[in-house]
């Protein structure tokens with residue numbers, strides 16, 4: 001079995017690629033190592049992947065349709081896992097074009113390459129950000145009142161609409177995966193959990209947006225990858241032209257204040273933090289209904305927050321990453 005993984009040097013992409021390789025897959029990785037956060041961290045993840053002879057890497061921009069199509073055509077994958085994107089909800093207005101380039105133009109390029117080359121399964125990263133603040137709790141895939149708070153969330157909802165429109169007339173099956181705040185070792189330094197833990201381990205200050213009351217359905221990365229792989233197997237049973245979206249979250253949200261308490265308890269340290277105004281792009285709560293996920297694969301994310309945060313602390317406490325945490329966090333501010 002051969003898979004193309006876009007965003008293979010990213011947090012979820014690298015974790016997924018490693019698990020695919022461990023399961024005997026051949027993996028073709030595509031990544032451009034953008035500077036949204038430290039490219040050094042992406043190189044750090046990539047080096048581990050390169051140690052496996054079944055991993056093949058292309059440093060390529062997914063906006064280049066001709067190149068992406070060539071890579072897919074030459075490698076003839078069974079499955080494409082499209083995880084490359086411009087992440088985050090806080091880019092300034094002058095940088096909004098990055099969402100358009102990566103999440104719309106880039107997404108269209110990879111989707112077109114999948115359909116043109118009759119790739120059997122196309123699974124792509126969507127987001128809990130598509131729900132906004134007006135959806136019913138818990139968030140269900142059947143929700144019709146989708147009003148994203150952020151430009152990022154709007155591009156992810158657009159991805160779902162684009163995929164459905166083209167897949168229905170193709171030999172490809174597709175599935176959008178609405179990720180809910182994925183966290184863990186080797187994670188993204190722009191995310192709150194990473195910055196909180198880095199601040200605790202380095203005895204430095206943390207900037208808290210708002211009052212800490214917003215809630216997130218934290219999903220440990222191992223649970224996320226396990227769900228993605230199971231969803232790919234399940235997708236094989238569907239007919240050509242099939243498309244759906246699936247929440248990947250356990251339905252057990254915690255507030256940022258809860259996260260702070262867990263992090264301080266596990267490290268035995270008190271966090272020094274400053275507060276600033278809340279960001280209107282942040283949803284007040286994310287809470288996944290996992291009913292549909294469970295109906296498709298028979299399980300859902302279950303790792304307790306304390307366990308996942310301890311795993312992350314263990315990784316952060318090792319060298320060389322311990323010395324690099326501050327640099328990585330500063331690269332994403």
- Quote to one decimal, in nm, the extra length available between residue 75 and residue 273 on full extension: 0.36 nm per residue of separation minus the C-alpha distance between them. 66.4 nm
- Query: Pairing the Cα long axis of helix 151-167 with the longest principal axis of the chain, what angle in degrees results, from 0 to 90 and rounded to the nearest 10?
  - Reply: 20
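With an 8 Å Cα cut-off and a minimum separation of 6 or more residues, compute the relative contact order for the stretch 1-92 in percent. Intermediate results must be reported in sequence, preceding the final value.
Working: 138 pairs, mean separation 37.3, N = 92.
Over the stretch 1-92, the number comes to 41 percent.
Under 8 Å for C-alpha pairs, at least 6 residues apart: give me the relative contact order for the stretch 88-154, rounded to a whole percent. Don't skip to the answer; put the middle values down first.
Working: 46 pairs, mean separation 23.0, N = 67.
Contact order relative to length: 34 percent.
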- Task: Enter the angle in degrees (range 0 to 90, nearest 10) between the Cα long axis of helix 256-267 and the first principal axis of the Cα atoms of the chain, meaning the one along which they spread out most.
- Result: 70
- Do you know the relative contact order of the chain, to the nearest whole percent, from alpha carbon pairs under 8 angstrom that are 6+ apart? 18
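By the gyration tensor of its Cα atoms, with a ≥ b ≥ c the square roots of the eigenvalues, what is the shape of the stretch 259-311: rounded for a/c under 1.5, prolate for a/b over b/c, or oblate? Intermediate values should be presented prior to the final figure.
On the way: a/c = 5.32, a/b = 1.46, b/c = 3.65.
Taking the square roots of the gyration eigenvalues as a ≥ b ≥ c, the stretch 259-311 is oblate.
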- Given the peptides 107-113, 37-43, 288-294, arrange them by the average over their residues of other C-beta atoms within 10 Å, most packed first. 107-113, 288-294, 37-43
- Note on the structure: Longest principal axis of the chain (C-alpha) makes with the long axis of helix 107-116 (C-alpha) an angle, in degrees to the nearest 10, of 30
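How far, in nm, would the chain grow between residue 47 and residue 213 when pulled straight, counting 0.36 nm per residue and subtracting the alpha carbon separation? Write out the running numbers ahead of the final one.
Values: separation 166, 0.36 × 166 = 59.76 nm, distance 3.81 nm.
Length gained, residue 47 through residue 213: 56.0 nm.
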- Item | C-alpha center-to-center spacing [the stretch 229-245, the stretch 84-151] in angstrom | 19
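Would you work out if the stretch 35-176 is rounded, prolate or oblate? Take a ≥ b ≥ c from the square roots of the eigenvalues of the alpha-carbon gyration tensor; rounded if a/c is under 1.5, else prolate when a/b is larger than b/c, oblate otherwise.
Numbers: a/c = 1.84, a/b = 1.25, b/c = 1.47.
Judged from the Cα gyration tensor, the stretch 35-176 comes out oblate (a/c at least 1.5, b/c at or above a/b).
Taking 0.36 nm per residue of sequence separation and subtracting the Cα-Cα distance, how much length would be gained by fully extending the chain between residue 295 and residue 162, in nm to one decimal? Could you put the intermediate results ahead of the total?
Details: separation 133, 0.36 × 133 = 47.88 nm, distance 2.51 nm.
Going from the current span to full extension adds 45.4 nm.
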- Specify the inter-centroid distance of the stretch 260-277 and the stretch 13-41, based on alpha-carbon positions, in whole Å. 31
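Any read-out appearing in this document is the output of simple, stated calculations on the displayed coordinates, not a laboratory observation. None of these values were measured; they are calculated from a predicted model. For neighbour counting, all protein chains shown are included, and Cβ atoms are generated from backbone atoms with ideal geometry for every residue, glycine included.
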